[in-house]
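Taking it in order: structure first as structure tokens, then the write-up.
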Amino acid sequence: MKTIYLDNNATTRVAPEVVEKMVPYFSEYYGNPSSMHTFGGMVGKQIMEAREKVAELINADPGEIIFTSCGTESDSTAIHAAIQSNPKKRHIITTRVEHPAVKNLCEHLAKTGYRVSWVPVDREGRLDTDYLSQRMTEDTAIVSIMWANNETGVMFPVEEIARMAAEKGIAFHTDAVQAVGKVPVDVKKTDINMLALSGHKFHGPKGVGVLYVKKGTKFAPFLIGGHQEKGRRGGTENVASIIGIGKAAELAGKDLAGGEMDRVRALRDRLEAEILEKIPNTLLNGSRENRLPNTLSVSFEYVEGESILLMLDQLGVCASSGSACTSGTLEPSHVLRALGVPFTAAHGSIRFSLSTYTTPEEIETLAAELPPLIRKLRDMSPFWKKEASCSTQ
Amino acid sequence: MWEYTDKVRDHFLNPRNVGEIEKPDGVGEVGSMACGDALKLMFTVDENERIADVKFQTFGCASAIASSSALTEMIMGKTVGEAEKITNDDIAAYLGGLPKEKMHCSVMGKDALKKAILHYRGLEEPDIDGDVVCECFGVTDKAIEASVRDNKLQYVEEVTNYIKAGGGCGQCHDAIREIVERVYKKAEAAPEPKKKMTNIEKIKLIEETLEREIKPALEKDGGSIELVDVDGAAVYVKLIGTCATCAASELTLKNYVEEKLREFVSPDLVVEEVRQ
């Protein structure tokens, strides 16, 4: 059975070019990039090159790039750096729909005495920027707002918010893990102080992330140790993965410039149209306009997400769900609840996330297989009334 | 990804007995869309009280669907009395086990069956009142207590796995922990402070214990018990319904009623039956 991989917001296929570039650094080029000898120094040079490529992807200076172990470490470093550099400020602003990397950290900080303002979103997942601007005070240490939501793909106006924060002298951080590689990101022209990204979300390897820190931003390291990353992140470099993320950044830049993401968007739009047309009682989660080109979150009423996923799994289709049963808790995702998606629909939510590797044939196969699958589950559901389907068809 | 057994996968992908029965003799509905799973179980019986047909409709995850399907297979052809004895553990075992986080799916099956049998017998479901502890899933302290006792649960996580309480915002975790402690503390240290009870206190406590600990169990078998008198350490009770004619009533009294009263009221009590 062929795998149809539509879970690219979870992780992506490592590009073969990336793997090829990485392999020698697991074997023959094992030197420590900090060493004085040529054998290690040569590796250091490769890391420098990777830094330049990542910088280029987001239009930063190479000196503003810090390599970390993952997106979560980048987020944690940014938020801790801001609160440590502003010890008297005890207030944090973030949103209700952040990834756990930011959400759970802020909840943790709230328990240790920080005040956290959670900015709400509307039914389409758009941020309440008035609420946000009203909460910015002299006590605010950092505003942390994701660039794009991992579940719905909805993008926030981070550039505008960064400007608002800068005007009030507040540090601004964005978790751009889902955005980088999918949409153009240009930090130079914005007031973004810190930006987190992750290699495995754009065909790089797992276990490597980046924190961009704008020149002049007050910073304090999270991992204190050696002089690596100019003392901003201790620890011997994850050499192969850093070289891998460099290559992935180069490829992502090319794909963006070459219009590959427009092709992905067209496929996503086709899948969306087919699903909404062929399957009654299906809702789109999140705004249609301000959305990542690869993400589609839909809710099938009266059925439960895990069941859908397991049936899709039988067909080789990989997707994910915001339903309770898949999240490991008993409640549907905090993102869908923040949007006000009714429980009747939140439990039946499915996220399809495409990539440049997605083919039109895969989308066609899914569009054909999905309607009978949902029908089978609905026929089993005590809430599915035949008349409900008639009235909306 | 959940580790499901082949049997769970089979019952999920090829569910048995899906659908509705036009004129069922017993119907039990549990759960809701808000909770994330729900089950409607229907059956008919033949003249010998054997389950002749059974159907289900389930909204929920794979293990909820598989548990429902398994349950229908398990009770088909059984007498209502036999079916009634099926526990949630039996359902899980029939499927070769469920992930522990999914035990509530088997509990849902058992609860729907219980409701359907009550409906068949024309009985009302006994009110599980008490105070709501878990606001997210509307679970009361009484329900948590019963589940902790019945399934010998020790931790909040287990309570969540079995009846969902504490699976939402998590604000009730301390309250659940207290209930768990209370259940075991009660079992351990109950007799201690009872020494200086007045007669009235003792009678009240006996009545409470009968209501809470003993009657529900006897009622399962169609019987009941009534307190007639208390004289010192002697407790006079009357057995009612099937218990009154049951050959094992002596055993029930000594092994069950007396044991419970000794545990919860006073260790020196002796139970005597008053015959009509």
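A few remarks follow.
- Counting Lys and Arg as +1 and Asp and Glu as -1 over every other residue whose Cβ lies under 9 Å from the Cβ of residue A:175, the net charge comes to -2.
- Region A:259-387, Cα convex hull volume normalised per residue, Å³: 109 Å³
- For region B:106-265, the spread of Cα positions along each principal axis, largest first, Å: 50, 44, 22
- Averaging the sequence gap over all C-alpha pairs within less than 8 Å and six or more residues apart, then dividing by the number of residues, gives chain A a relative contact order of 21 percent.
- Computed over the protein assembly as shown, the percent of Cα pairs more than 36 Å apart is 52.
- Cα centre as origin, Lys/Arg/Asp/Glu Cβ charges: chain A dipole, Debye: 820 debye
- Packing-based ranking, highest mean first, of A:333-339, B:152-158 given that Cβ atoms within 10 Å are counted: A:333-339, B:152-158
- Comparing mean-square fluctuations of B:40, B:238, B:115 from a GNM of chain B with C-alpha springs under 10 Å, the top value falls on B:238.
- Estimated FRET transfer efficiency when R0 is 30 angstrom, pair residue B:199-residue B:250 (beta carbons, to 0.05): 0.65
- For the protein assembly as shown, a crude dipole built from +1 on the beta carbon of Lys and Arg and -1 on the beta carbon of Asp and Glu, taken about the Cα centre, is about 2100 debye to the nearest 20.
- Placing pseudo-labels 7 Å out from each Cα toward the beta carbon at residue A:23 and residue A:361 gives an inter-label distance of 2.6 nm.
- Rounded to whole Å, sorted largest first: equivalent-ellipsoid semi-axes of region B:56-98, Cα gyration tensor: 18, 12, 8
- For the pair residue B:238 and residue B:154, a Förster radius of 25 Å applied to the C-beta separation gives a FRET efficiency near 0.10, rounded to the nearest 0.05.
- Using the Stokes-Einstein relation with a Kirkwood hydrodynamic radius computed over Cα pairs, the translational diffusion coefficient of region A:16-256 at 25 °C and a viscosity of 0.890 mPa s comes to 135 µm²/s.
- D (Stokes-Einstein, µm²/s), Kirkwood Cα radius, region B:6-120, 1.002 mPa s at 20 °C: 158 µm²/s
- The residues A:48, A:36, when put in order of fewest to most other Cβ atoms within 10 Å, stand as A:36, A:48.
- Each residue in A:121, B:270 was given a count of other beta-carbon atoms within 10 angstrom of its own, and listing them fewest first yields B:270, A:121.
- Model label sites at residue A:290 and residue A:112, defined 7 Å from Cα along the beta-carbon direction, differ in position by 3.1 nm.
- Look at the stretch B:31-41: the mean tally of other chain Cβ atoms within 10 Å of its residues' Cβ atoms is 5.
- Net charge dipole, region A:259-387: roughly 280 debye, given to the nearest 20, about the Cα centre with Cβ charges of +1 for Lys and Arg and -1 for Asp and Glu.
- Phi-based couplings in Hz for region B:52-58 (Karplus 6.51, -1.76, 1.60; Gly and Pro marked x): 8, 8, 8, 9, 9, 10, 10
- Residue among A:116, A:197, A:267 farthest towards the positive dipole end of chain A, charges placed on Cβ: A:116
- Based on the Stokes-Einstein relation at 10 °C and a viscosity of 1.306 mPa s, and on the Kirkwood radius from alpha carbon pairs, chain B is assigned a translational diffusion coefficient of 78 µm²/s.
- Listed residues A:217, A:22, A:55: farthest to the positive end of the dipole of chain A (Cβ charges): A:217
- Counting neighbouring Cβ atoms within 10 Å and putting the fewest first, the residues A:242, B:117 line up as B:117, A:242.
- For region B:1-64: Kirkwood Rh in Å [reciprocal of mean 1/r, alpha carbons]: 13.1 Å
- Ranking B:267, B:70, B:24 by Cα position along the charge dipole of chain B, where only Lys, Arg, Asp and Glu carry charges on their C-beta atoms, puts B:70 farthest toward the positive end.
- Relative contact order, percent, chain B [alpha-carbon distance under 8 Å, six or more residues apart]: 13 percent
- FRET efficiency, residue B:231 to residue B:23 (Cβ-Cβ, R0 60 Å, nearest 0.05): 0.65
- When chain A is treated as a GNM with alpha-carbon contacts under 10 Å, the residue of A:174, A:11, A:344 showing the greatest mean-square fluctuation is A:344.
Only the coordinates and a few stated rules stand behind these numbers; no lab work does. Keep in mind it's a predicted model, so treat the numbers as computed, not measured. Reconstructed Cβ throughout: ideal geometry from the backbone, glycine too, with neighbour counts over all protein chains shown.
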